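Throughout, read-outs are computed from the coordinates displayed, never taken from laboratory work. These numbers come from a predicted model, not from an experiment. Note that each Cβ is placed from the backbone with ideal geometry, even for glycine, and that neighbours are counted across all protein chains shown.
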Amino acid sequence: MNEKELMAQADENIMNTYKRFPIVLVKGLGQKVWDVNGKEYLDFVAGIAVCSLGHCHPRVVAALKEQADKLFHVSNLYYIEPQARLAKMLVDNSFADKVFFCNSGAEANEAAIKLARKYAHENLGDDKFELITMKDSFHGRTMATITATGQEKFQFGFTPLLEGFTYVPFNDLSALEAAINKKTCGIMLEPIQGEGGVNIPDVQYLAKVREMCDRHNILLIVDEVQTGVGRTGKLFAYEHSGIKPDIMTLAKALGNGFPVGAMLATNKIAQAFSPGNHASTFGGNPLAMAAANATLKTILEEGLLDVCRERGEYFLAALKKLQTRHKIIQEVRGMGLMIACSLTIEGGDIVKECLKKGVLINCTGGKTLRFVPPLIISTQDVDQVINILNEVMEGK
Ligand SMILES: *Cc1c(COP(=O)(O)O)cnc(C)c1O
């Protein structure tokens, strides 16, 4: 079957939920991927902030192969060895005391919403169930998480939504303060909004939100599905603010491409869950745990947070220089290797032309180019992407 036939067959049999680029990727190594014709691409999407160690990282591959020979799946009816190890590593390296494992970002956020409600019912009163979330946020595609997501385009056609959510503009403390009422049980936000366009709040914002939560005795839930596990140059983005959340969710980079999610909380909050309250058949599956253990260990042991910060600064400076040459670049912003470039024009054509020239980048919200490459990229990789962007933007 050739490339065209494969794409036609996929379109015939797979539900029409994705707009795909017409290439078939079959192989990856480090920051590079290859299509079925052998064409090479430099991958600055990394599966949307997932493959932070690069594709087929030897330590993750070895861990998965070893686990595949031992045990694929049992059930959370029993203790699972690599689950215990990963939970300890996450607890040792974060604010949290307890972890719940699941399989995706949406599922982690579902678990967080359920835990917040359960905690509030038991500790704050039955009339406290409302969560305040942010406009332009993104929390996933399940019914609860599209409700939490403050963007109508993800909710359109799926009403009625879940009860108990209100939305305020991101990075607006007075709007947030004004939205808190006697029904509020918590605030849920991304430390940096990813899907919404890499929106970075003021330096003091998250600390002020923490203060507000303490003052009103409500919970702070941080969705670090995209920012977590090293993406912003710290293991978790909340660390930049010197605060501790009550609940945090992780997924994307946690398994370097193996599906895995996690919801973490302090003991005080986590005690609201008891056996039977929440579960997932695949959550904490041995293969997923093997991949995540290897990923987290590699990030911590190989100094990749420093590499991320350093390459991020290099990339950001290069984009700012590019901005002086192209008036379609409105703003350049980023933290670590979560970087964006907002344009005065639609970014779709730029993404397509980069793809033709062998570079994968992503466009979010129509006019924002988003760069979330593997944390292992070199300065030469950055130079290559900048050169190609320069060519592509010429005359636009
Ligand atoms: C990607 C993302 C999600 C959803 O994760 P899925 O694994 O696709 O369910 C949730 N929150 C944020 C911040 C994300 O970037």
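Look at the dipole of the chain built from charges on Cβ: of 170, 305, 395, the Cα furthest out on the positive end belongs to 395.
When the alpha carbon gyration tensor of the stretch 53-166 is reduced to an equivalent ellipsoid, its three semi-axes come out at 33, 20, 14 angstrom, largest first. Working ranking of peptides 15-27, 84-96 by packing, defined as the average number of other Cβ atoms within 10 Å per residue, highest first, is 84-96, 15-27.
To the nearest 0.05, how large is the calculated FRET efficiency for residue 15 and residue 162 if R₀ is 25 Å and r is the Cβ-Cβ distance? Once rounded, the FRET efficiency stands at 0.60.
Could you list, in their original order, any pairs among 27/153; 88/128; 114/183 whose Cα atoms are separated by more than 26 Å?
On the way: 27/153 33 Å; 88/128 32 Å; 114/183 16 Å.
Over 26 Å Cα-Cα: 27/153; 88/128.
Each part gets one Cα centre, and for the stretch 269-338 versus the stretch 126-192 those centres are 23 Å apart.
For the stretch 363-396 versus the stretch 199-261, the spacing of their alpha-carbon centroids is 26 Å.
Distance between the pseudo-spin-label points of residue 69 and residue 352 (7 Å out from Cα toward the beta carbon): 4.8 nm.
Listed values for the stretch 185-202 are Karplus-derived 3J(HN,Hα) couplings in whole Hz (6.51 cos²θ - 1.76 cosθ + 1.60, θ = phi - 60°), namely 10, x, 10, 10, 7, 8, x, 10, 6, x, 4, x, x, 6, 8, 9, x, 4, and x replaces Gly and Pro. Taking Cα centre as origin and charging only the Cβ of basic (Lys, Arg, +1) and acidic (Asp, Glu, -1) residues, the dipole magnitude of the stretch 118-207 rounds to 160 debye.
With R₀ fixed at 56 Å, the C-beta to C-beta distance from residue 396 to residue 216 puts the FRET efficiency at about 0.70. Here is what passes the span test in the chain: the DSSP H helices with alpha carbon length of 20 Å or more along the helix axis and a Kyte-Doolittle mean of 0.5 or above are 286-301.
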